Structure formats: C-alpha cells, structure tokens
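What follows is calculated from the coordinates using simple rules that are stated; it is not laboratory data. If you're wondering where the values come from, they're calculated on a predicted model, not measured in any experiment.
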Amino acid sequence: MERSNWGIGGLVFVGCMFLGGGVGSMLGNAQTGWLIGMGVGFLGMAVTRLTRK
C-alpha cells in the first residue's frame, strides 16, 4: 500500500504551523499563533489525505 499523498499532507501541516507562528509573533502572542497554526495544519493534512486517493 503506497502512501504517496502523505508527503503533501505533512507539508501542509508544517506550512500552516509556521504561518500561524509568524502571524502570532507579529500580533504579540506567539504561543496562540502556533496552536492555531497546528489546528489548521491538522485539518489541512486530513483534507489532503482524504481528497488525494
């Protein structure tokens, strides 16, 4: 069973996490930004894994 769609899901997760951390740092609350970025990243990773079959 090949999982070729798992690579892009990981990139979506990491990208959202760092984007959230950067926005949170600019707004003065980096911890909240990282957590929001991780939440959005997990959702994005799930969507990419479900849609890329």
In degrees, nearest 10, the alpha-carbon axis of helix 6-26 is tilted away from the dominant principal axis of the alpha carbons of the chain by 10
Kirkwood-based Rg/Rh on the Cα set of the chain evaluates to 1.12
Residue span residue 35 to residue 11: 0.36 nm per residue of separation minus Cα-Cα distance leaves a gain in nm of 7.0 nm
The extension gain from residue 19 to residue 50, computed as 0.36 nm times the residue separation minus the Cα-Cα distance, is 8.9 nm
If the chain between residue 43 and residue 27 were fully extended at 0.36 nm per residue, the gain over the current Cα-Cα distance would be 3.5 nm
